[in-house]
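Please treat every number below as a calculation from the coordinates, not as lab data. On a predicted model such as this, the values are computed, not experimentally measured, just so you know. Backbone-built Cβ (ideal geometry, glycine too); neighbour counts: all protein chains shown.
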Amino acid sequence: MVRRTTTNNPAGENQQKGLTRRSLLYGSAVAAAALSLAGCNSSSGGQEGSKKTAAKSGSANRKGSARKPLAPPSSFKEAPTLAAQVKAGKLPPVEKRLPEKPYVVPHNWLEPGTYGGNVRIMIPATDDGQLKEYMYGHSPLRWLNDGLDIGPGLVESWSSNADASEWTLHFRKGLKWSDGQPWTTADVMFWWEDMVLNEQHSEVPPDEAKSGKGTVMKMTAPDDYTLVMKFDAPAPLTADRLAMWVNRGIGPGWMEPKHYMKQFHPRYNKSVPKDWASADGEFEKKRNWQINPDSPTMTGWRLKSYKEGRQSTWERNPYYWCVDRQGNQLPYVDTLTAAAVQNQEVAKLQIQQGKIDFLVGGFMGVSLSDVSGLKAAQKSSKTVPILWDAGDGTGAAFFFNYDYYEENLRKLIREPKFRQALSLAFNRDDAQKTIYFNTGEKTTGTMSTKAIEYHVDDQGKQVYKQWRDSYVNHDPERAKKILDELGVVDKNGDGKREAPDGSKLIIRLQYASNVGNDYKKLNDLLVRDWKAIGLDARQFPISPEAYGTEWNTGKLMSNSGWGVGDGPNCLVYPQWLVPLEPSRWAPLEGQFYNVRGTPDEHKQKNVDPYKRTPPRMEPEPGGPVARLWKLYDKSKTEVDEMGRHRLVWEMTKIHIEEGPFFQGSVSNAPSVMLAHQELKNVPRKENLAQGGFTAPWIHPTPAVYDPETVFWSNPDQHKG
């Protein structure tokens, strides 16, 4: 899914009036912003190398990451603070703390760093999971080169049999948790057997634990460093899915420190309360290493102190299993301080005041419209805005609920020409100018612009272009003609078009009330353009707490507060391409897919789909969803990579011919990163293999670029 650039309520901006006027007033602002954006990716701004022999950090000749694992150096070094503890007998030597073969961070833009200092970051709340997006330490495998490659992580090497139905993972020998206790496959099996397979616990089998048939794998641990995953059918995307997310964070757990957590589990401690597995139970509280300093971790920093609602402080993990090419144990920076700032306008003010050192701008609602102000404040704040590609396929998007509960309107929504007419009525030029400052590319709405299927060869490129351009042109006259042909005309003379059956038609743009301003600006443009072709279009903000339930049950007509960004290929997380769950464009059919192959599939057949538990409906025989399912089911067991690409192209053609199922605006516009000008090893766009890929949560940014490698040119001036 695409990253929602705001998850907390920003200071409201009334965009209801002055839209036509804004297109004129924005002219000078856009020109100024464009000049500001143009300078955000230069390799200047404090990125000079600290040694003559090292290439400049952020220079264009240091692009991407090594595609093959790097051999560890013959000797290792550590931070002075840790060396002092070794000398005092409080820690083992660095060679004893690292695994036999530590992971060597492979990014080509890196230069050797200097130990010391503190880095200040900002999050909406002290327990907000976005903080975990800075740390990739629990992931078995890792994305490299903006998703083009998969590299080792905790897993040193892996292999599969010929039909990809059996996978063997070899973990690094000598790994240790942050408390110094050995990490072994027993920690994975604890997660698997005592949580995932334990019906009392809420953890469920992740995608990588299922075969192409959807059956859960059988996992065994022959020894402390080997896992074997056996499936009843090919599971060719297993490695891709092991690289997704930040495990034990935003994504699946994949491990828990058994030596610590078993005291809170009833299998090992009979005195554990019955509510042990509830969200508020002791087990869940103790395993959360973001709020519990006692919970061991595999990340570069471990929690030192936690002040709820205010800030958390993190210190270097002395057992972190990663090093640079020179053998320096990471991280370079001693400590992190994560301050909680709930109000985004306050956050932006503090950024301009120089109160952060490193930040994914989108996490705090910082967008392209803020860049000009950030540049103006740069001299005093010393904070440099950096632009990385988002890689999304839609920008701010709109999509109807294909399973809307009102039958007459559902029939209209499912008519492709109706959705095509609305797309043609939308003037994306205005969105590109006023929201994205003439960056990105106008789009009908696609999967990720960086998805491998659309770059693998000329046919893939052509399929992508056809999808992107299918209904992208602004043609209100054609839109009106299509609506006329559908019978969506003004039947009662009130100046507004009615539904074909003569009933009142209101296009409800519904969105969670805490979405960011970019979505609200888009909604203003959609309302303007759809009113211009005679439709009654209105905005309806919905309580974030109620939104999910209302959507999943088919009660909401549309979603105008999200976007599509998943990659690095279309099948690793295909929920926008194919309805597989209830949160996207066909919620009840997605929920039905969830129960296929289970006893629930054949239950409540005679019950109204909207009254089933959970609400779910079968797709129309021969309809687009049924055909997408059929192609997707074939892709799940297709071992040949090009064969999978071709199946994705066939699914894409259904979107072209019978879509858009989701309507995009401007794709792959830049997203904003922020870094102090004296902070080194922060890559620029030209350093990244595909210019960045910030949109999908499954490609965790900035974790994929190893923030443990950033360092201060003058650490003594940046102590916590």
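Protection proxy ranking, highest mean first, for peptides 213-220, 157-164, 146-153, 659-666: 659-666, 146-153, 213-220, 157-164, where packing is the per-residue count of other beta-carbon atoms within 10 Å, averaged. Computed about its Cα centre, the charge dipole of the chain is approximately 1380 debye, with only Lys, Arg, Asp and Glu carrying charge at their Cβ.
Taking a straight line from the alpha carbon of Lys96, these aspartates and glutamates sit under 14 Å away, with near neighbours fewer than eight places off in the same chain left out: Glu78, Asp179. Near Glu78, the amide H atoms lying under 5 Å from its own belong to Gln329; only residues 5 or more places off or on other chains count, and H is placed 1.01 Å from N.
The charge dipole of the range 105-239, taken about its Cα centre with unit charges on the Cβ atoms of Lys, Arg (+1), Asp and Glu (-1) only, comes to about 240 debye. For the range 358-458, averaging the sequence separation of C-alpha pairs within contact (under 8 Å, six or more residues apart) and dividing by the residue count gives a relative contact order of 33 percent. Beta bridges from DSSP with both residues in the chain: antiparallel share about 75 percent, rounded to the nearest 5.
Here the Kirkwood formula puts the hydrodynamic radius of the chain at 26.8 Å, using every distinct Cα pair.
If you sort the three axes of the alpha carbon gyration tensor as a ≥ b ≥ c, you get a/c of 1.5 or more for the range 393-666 and a/b no higher than b/c, which makes it oblate.
Distances between placed amide hydrogens fall under 5 Å for Asp149 paired with Leu144, all partners being 5 or more residues away or on another chain. Rounded to the nearest 0.05, the FRET efficiency derived from the C-beta distance between Asp280 and Lys611 at R0 = 35 Å is 0.70. For the range 659-720, taking Cα atoms only, Rg and Dmax work out to 15.9, 57 Å respectively. The chymotrypsin sites (Phe, Trp or Tyr not before Pro) found in the range 478-545 include none that occupy coil by DSSP while having at most 11 further C-beta atoms within 10 Å. Phi-derived couplings, Karplus 6.51 cos²θ - 1.76 cosθ + 1.60 at θ = phi - 60°, listed residue by residue for the range 674-679: 10, 8, 4, 5, 9, 8 Hz, with x used for Gly and Pro. Taking the charge dipole of the chain about its Cα centre, with +1 at Lys and Arg Cβ atoms and -1 at Asp and Glu Cβ atoms, the residue from Thr185, Ala277, Gly361 reaching farthest to the positive side is Gly361. Charge dipole (Cα centre; +1 on Lys/Arg Cβ, -1 on Asp/Glu Cβ; no other charges) of the range 393-666 amounts to roughly 280 debye. The residue among Gly129, Phe661, Ala626 whose Cα reaches farthest toward the positive pole of the charge dipole of the chain, with charges on the beta-carbon of Lys, Arg, Asp and Glu, is Gly129. Of all stretches in the chain that contain no GluC sites (Glu not before Pro) in a DSSP loop with at most 13 other Cβ atoms within 10 Å, the longest one is 309-720.
Residue-wise HN-Hα couplings along the range 307-324, as the Karplus relation 6.51 cos²θ - 1.76 cosθ + 1.60 with θ = phi - 60° gives them from phi, are 10, 3, x, 10, 6, 10, 10, 10, 10, 4, 7, x, 10, 4, 9, 10, 9, 8 Hz; Gly and Pro carry x. Of the chymotrypsin sites (Phe, Trp or Tyr not before Pro) found in the range 216-309, those in coil by DSSP whose Cβ has at most 14 other Cβ atoms within 10 Å are Tyr268.
For the pair Ser159 and Glu407, a Förster radius of 51 Å applied to the C-beta separation gives a FRET efficiency near 0.45, rounded to the nearest 0.05. Partner aspartates and glutamates whose Cα lies under 14 Å from the Cα of Lys176, excluding those fewer than 8 positions away in the same chain, are identified as Glu95, Glu100, Asp187, Asp224, Glu256. With 23 Å as the limit on Cα-Cα distance, the pairs of Lys230/Lys605; Lys355/Lys680; Lys101/Lys680; Lys230/Lys286; Lys286/Lys307; Lys417/Lys442 that go past it are Lys230/Lys605; Lys101/Lys680; Lys230/Lys286.
Under the simplified labelling scheme, the Asp458-Arg478 pair shows an inter-label distance of 2.6 nm, with each label point 7 Å from Cα along Cα→Cβ. Scalar couplings 3J(HN,Hα) for the range 621-629, obtained by applying the Karplus form with A = 6.51, B = -1.76, C = 1.60 to θ = phi - 60°, are x, x, x, x, 5, 4, 5, 4, 4 Hz; x denotes Gly and Pro. For Ile506, no residue has an amide H sitting under 5 Å from its own, ignoring neighbours fewer than 5 places away on the same chain, with H placed 1.01 Å from N. Placing R0 at 25 angstrom, the Cβ-Cβ distance between Val216 and Thr168 gives a FRET efficiency of 0.85 after rounding to 0.05. Based on Cα contacts under 8 Å between residues 6+ apart, the range 393-666 shows a relative contact order of 31 percent. Running Debye on the range 155-297 with equal point scatterers at the Cα sites and no solvent, what base-10 log of I(q)/I(0) appears at q = 0.20 Å⁻¹? Taking Cα atoms of the range 155-297 as identical point scatterers yields -1.30. The antiparallel fraction among DSSP beta bridges confined to the range 393-666 stands at about 40%.
Only helices enter the 222 nm calculation for the chain: every DSSP H run of n ≥ 4 contributes -39,500 (n - 2.57), and dividing by all residues gives -7500 deg cm²/dmol, rounded to 500. Dividing the mean sequence gap of close Cα pairs (under 8 Å, 6+ apart) by how many residues the chain holds gives a relative contact order of 24 percent.
For the chain, the residue among Asn198, Leu526, Tyr454 whose Cα projects farthest onto the positive side of the dipole built from Cβ charges is Leu526. For the residue pairs Lys90/Lys173; Lys63/Lys375; Lys480/Lys531; Lys630/Lys653, the C-alpha atoms sit more than 18 angstrom apart in Lys90/Lys173; Lys63/Lys375.
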